[in-house]
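Q: The structure is given below, and queries will be raised subsequently.
The values are calculated or read from the model by the stated rules, or taken from the named source; none is laboratory data. Since we're looking at a predicted model, the values are computed, not measured. With ideal geometry, Cβ positions are generated from the backbone for all residues, glycine too; neighbour counts draw on all protein chains shown. Side chains included, ligands, DNA and RNA excluded: accessible areas come from the protein's heavy atoms. Shrake-Rupley method; radii C 1.70, N 1.55, O 1.52, S 1.80 Å.
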Amino acid sequence: MKTRILTAAVGLCVLAIVLMFFNTILFDLVLAVVCLIGIHEVFAAMGFGKKQWYLYVLAIPYTLLIMLSSSDPVRALVLPASFVLLLILNCCLIAHTRTLDFGKLSGYLYFSAVIVMCFYSLIHLKRCLPIETYGYDAVYFILLTLCFAWGGDSAAYFAGRFFGRHKLAPVVSPHKTVEGAVGGVLGSVVLGLLATWIYSSISGRFVFLTVEVTLRHYLLVALLGMVASVLGILGDLFASAVKRQVGIKDYGTIFPGHGGILDRFDSVMFVAPFVAIAVRYFFYFVR
């Protein structure tokens, strides 16, 4: 437990430093690197190694293209690059049909797509809410995303530990309980509301948030927190199901006491896109 707490503290410090460079290309590059580490964890989890090196090498330029596509000319390359990538992967499957398992390849590609979608959603918030127009709104929503995911995760852990009686998904994750899931939903809502109150209070003094937060915004955040918590549990169970099928305990060892990137960000995988979509289509229309 001490190792987990220390790792979490160091991780939060690193997060704070990264957010200091939010309005620079460094922020995008850090997320791209984290994304590529996560993809490599899936690559290894699927049993791929040196003989299938080309699968990971192909993922590097494509991931960088997606994550760093900040201009229209670059974004225009995404569709043709995706088409070329698919053609190359099909040729690889044909050329290595005896050694390249289609099921593992499909799992690798699907999981990698989920990872890219997760981290790109954070960059998407930055692109949709430029600092010149929206101030630091995007930073707030990124922090809100992490509060929903990690706050719900922590609350679910402690609620399950103290009150857990009924198993939620015993085959996939024996330690998760219904009571823990309920605690996770409450934790996401409470932490989301607290983060919103703190951020809006700070904004009143330093003009960070461009929206005047009203009661309706708090209600919307509470609703988003409920849905996000469920999505966080879904992401956690998805990652656990894959681990169980491929026979591994953790995806990596980069975070002592926590595992790999995917072990720490599994609950964020579906929350980040959800928050990005909600912000784009709902938050700024609430008065």
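Q: Could you tell me which trypsin sites (Lys or Arg not before Pro) in the stretch 1-102 are loop residues by DSSP with no more than 12 other beta carbons within 10 angstrom of their beta carbon?
A: R98
Q: Here's something else I'd like to know. Going out from 0 in 10 Å bins, what whole percent of all Cα-Cα distances in the stretch 134-287 drops into each bin?
A: Going out from 0 Å in 10 Å bins, the stretch 134-287 shows 12, 38, 31, 15, 4, 0 percent.
Q: Same structure again: For K249, go through the lysines and keep the ones whose alpha-carbon is under 24 Å away, minus same-chain ones fewer than eight residues off.
A: By straight Cα distance, K249 reaches K2, K50, K51, K104, K167, K176.
Q: Another question, if that's okay. Which net charge results when you count Lys and Arg as +1 and Asp and Glu as -1 among the other residues whose beta-carbon is under 11 Å from that of G38?
A: With Lys, Arg at +1 and Asp, Glu at -1, the net is -2.
Q: Evaluate the distance, in nm, between pseudo-label points positioned 7 Å from the Cα of T24 and of A222 along their respective Cα→Cβ axes.
A: 4.1 nm
Q: Tell me the label-point distance for the pair L6, S106, using the 7 Å Cα-to-Cβ offset, in nm and rounded to one decimal.
A: 4.4 nm
Q: Using alpha carbons only, what's the Rg to Rh ratio of the chain with Rh from Kirkwood? Intermediate values should be presented prior to the final figure.
A: On the way: Rg = 19.8 Å, Rh = 20.1 Å.
Using Cα coordinates only, the ratio equals 0.98.
Q: Still on this structure: Per the 1.4 Å probe, what fraction of the accessible area of the chain, in percent, lies on carbon and sulfur atoms?
A: Reported share for carbon and sulfur atoms: 72 percent.
Q: To the nearest µm²/s, what D does Stokes-Einstein give for the stretch 97-142 at 4 °C and 1.567 mPa s, using the Kirkwood radius over alpha carbon pairs as Rh?
A: Diffusion coefficient, whole number: 102 µm²/s.
Q: Explain nothing, just the number: relative contact order of the chain, from Cα pairs under 8 Å at least 6 residues apart, as a whole percent.
A: Value for the chain: 21 percent.
Q: Extending each Cα 7 Å along its Cβ direction at I277 and R244, get the distance between those two points in nm, one decimal.
A: Distance between the two pseudo-spin positions: 2.6 nm.
Q: Count neighbours as other Cβ atoms within 10 Å of each site's Cβ, and list the chymotrypsin sites (Phe, Trp or Tyr not before Pro) in the stretch 4-67 that are DSSP loop with at most 13 such neighbours.
A: F21
Q: So, one more: Just the accessible area per residue of the stretch 141-287, please: how many Å² with a 1.4 Å probe?
A: 52 Å²
Q: Straight-line reach from K126: which aspartates and glutamates fall under 13 Å, measuring Cα to Cα and dropping same-chain residues less than 8 apart?
A: Answer for K126, where 13 Å is the Cα cut-off: D28, D137, listed by chain and number.
Q: I'd like to check one number: the per residue accessible area of the stretch 21-113, probe 1.4 Å, reported in Å² as a whole number.
A: Per residue, the stretch 21-113 has an accessible area of 56 Å².
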